[in-house]
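The block underneath contains the structure these notes are about, expressed in structure tokens.
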Amino acid sequence: MTAVPEGPLGIDELLERVREGLDRVEAAEAYEAVRAGEVLLVDIRYAALRDRDGLIPGALVVERNELEWRLDPQGSHRAPEATGHDLRVVVVCNEGYASSLAAASLRRLGLHRATDLVGGFQAWKAAGLPVTA
């Protein structure tokens, strides 16, 4: 039987497929993992959103367009926090959509434990978790 080539995916289908491969975390779980030193929380929101809504204390801020370069443990432009491929990274965007795609991209770089925060920063804030101005 010959495989039928797959056509282009819409963003909703792509997002669904990407999320099937992620062990996404809820805000309270992410908070506890950060407190225990088990994850690196990475905020990929752009500056205007961070200025408007605040920051998650201790999160590494890396705008989306720099993410792969800053978190690739083998990259020449990596952040000091990008210590290895076993690093558990939880990506945070504003509402939990772009972060799923970003986590999938990090997995393709070998960060096999990368995932994202369900509901993004807005879920974190709604849960009453720490935010700084």
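The values are calculated or read from the model by the stated rules, or taken from the named source; none is laboratory data. Being a predicted model, the structure only gives us computed values, none of them experimental. Positions of Cβ are generated from backbone atoms using ideal geometry, with glycine treated the same way; all protein chains shown enter the neighbour counts. These area figures cover heavy atoms from the full protein model, side chains too; ligands, DNA and RNA do not enter into them. Shrake-Rupley method; radii C 1.70, N 1.55, O 1.52, S 1.80 Å.
Within segment 90-121, being closer than 16 Å to Glu63 by Cβ, over 10 Å from the mean Cα position of the chain (by Cα) and open to solvent by less than 10 Å² (accessible area, probe 1.4 Å) holds for one residue alone: Phe121.
Scanning segment 68-84 for residues that are in contact with a strand residue (DSSP E or B) (Cβ under 7 Å, 6 or more places away or on another chain) and either touching a residue at least 24 places away in the same chain (Cβ under 8 Å) or closer than 16 Å to Gly120 by Cα (or both) gives Leu71, Glu81. Does segment 76-89 contain any residue that is among the acidic types (Asp, Glu), over 26 Å from Ile11 (Cβ atoms) and either surrounded by 13 or more Cβ atoms within 10 Å (Cβ to Cβ) or touching a Pro at 6+ places or on another chain (Cβ under 7 Å) (or both)? Yes, segment 76-89 has at least one match.
Among the residues of segment 37-62, those that are more than 17 Å from Glu81 (Cβ to Cβ), outside any loop (DSSP other than H, G, I, E, B) and open to solvent by less than 30 Å² (accessible area, probe 1.4 Å) comprise Leu49, Asp53. Of all the criteria given as (1) surrounded by 13 or more Cβ atoms within 10 Å (Cβ to Cβ); (2) under 14 Å from the mean Cα position of the chain (by Cα); (3) free of Cβ contacts under 8 Å to residues at least 60 places away in the same chain, the one not satisfied by Asn65 is (1).
Taken over segment 1-36, the criterion of being open to solvent by 60 Å² or more (accessible area, probe 1.4 Å), of a type outside the set (A, V, I, L, M) and over 17 Å from the mean Cα position of the chain (by Cα) is satisfied by Thr2, Pro5, Glu6, Pro8, Asp12, Glu13, Arg35. Outside any helix (DSSP H, G or I), under 11 Å from the mean Cα position of the chain (by Cα) and of a type in the set (Lys, Arg), is that true of Arg78? Spelling it out, it is not the case that Arg78 is outside any helix (DSSP H, G or I), under 11 Å from the mean Cα position of the chain (by Cα) and of a type in the set (Lys, Arg). Checked against (1) modelled with pLDDT under 95; (2) among the aliphatic types (A, V, I, L, M); (3) within 23 Å of Glu13 (Cβ to Cβ), Leu117 passes all but a single condition, namely (1).
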